[in-house]
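The values are calculated or read from the model by the stated rules, or taken from the named source; none is laboratory data. Everything quoted here is computed from the prediction, not taken from an experiment. Note: ideal-geometry Cβ built from the backbone for every residue, glycine included; neighbour counts use all protein chains shown.
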């Protein structure tokens, strides 16, 4: 029997493990959507241990691992915003764990978290070229709110769509 749980990761050891997982996932998923150079830049600046530590200690992020048979196979991160909404900042699974219903389970956990916290709107940003993820988010009931282009430094931009759903 397979064991599955969603666990908030808070320790340095746990965040380091998630950073290693993020590096694997980003390099298997994003080629063809963004350049290898941008993947490396974003992993270093957004998904490295140092970035995750800063996000959790300074920016109010909460990281959750999807743990299957004691092995992290995916993760998501959320952050309450000053306007009372919830940013779903990350939602990623290893390639061999996709298309098994885990993303839907992860999103249900995010919705539960939002309800517990009294939050009414969950939103996220997604690269407009990431058509698979966009279809998944639409399947969750999310709707396009707006489009934005963000300068993330290093000569790179995030050309994103912002999706949201009322809880």
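Observations on the model:
Residue-by-condition table, conditions (1) farther than 18 Å from residue 49 by Cβ; (2) out of contact with any strand residue (DSSP E or B) (no Cβ under 9 Å at 6 or more places or on another chain); (3) free of Cβ contacts under 8 Å to residues at least 24 places away in the same chain; (4) not in a loop (DSSP other than H, G, I, E, B):
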site	(1), (2), (3), (4)
63	no, no, no, yes
66	yes, no, no, yes
72	no, no, no, yes
79	no, no, no, yes
84	yes, no, no, no
90	no, no, no, yes
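Here's the yes/no breakdown for (1) within 19 Å of residue 42 (Cβ to Cβ); (2) modelled with pLDDT of 95 or more:
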| position | (1), (2) |
| --- | --- |
| 72 | no, yes |
| 88 | yes, yes |
| 91 | yes, yes |
| 94 | yes, yes |
| 121 | no, yes |
| 150 | yes, no |
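- Test set (1) under 24 Å from residue 161 (Cβ atoms); (2) surrounded by 14 or more Cβ atoms within 10 Å (Cβ to Cβ); (3) at pLDDT 95 or above - residue 59 fails condition number: (2)
- Scanning the range 102-117 for residues that are more than 19 Å from residue 2 (Cα to Cα) and under 13 Å from the mean Cα position of the chain (by Cα) gives 107, 110.
- Residues of the range 124-146 satisfying the condition of being under 14 Å from residue 165 (Cβ atoms), part of a loop (DSSP other than H, G, I, E, B) and out of contact with any helix residue (DSSP H, G or I) (no Cβ under 8 Å at 6 or more places or on another chain): 141, 142
- When each of 75, 9, 92, 41 is tested for being surrounded by 17 or more Cβ atoms within 10 Å (Cβ to Cβ), more than 15 Å from the chain's Cα centre (by Cα) and on the phi < 0 side of the Ramachandran plot, the lone residue that passes is 41.
- Selection within the range 46-61 - in contact with a strand residue (DSSP E or B) (Cβ under 7 Å, 6 or more places away or on another chain) and in a helix (DSSP H, G or I): 52, 55, 56
- Residues located in the range 92-117, provided they are free of Cβ contacts under 8 Å to residues at least 12 places away in the same chain and part of a loop (DSSP other than H, G, I, E, B): 98, 99, 100, 101
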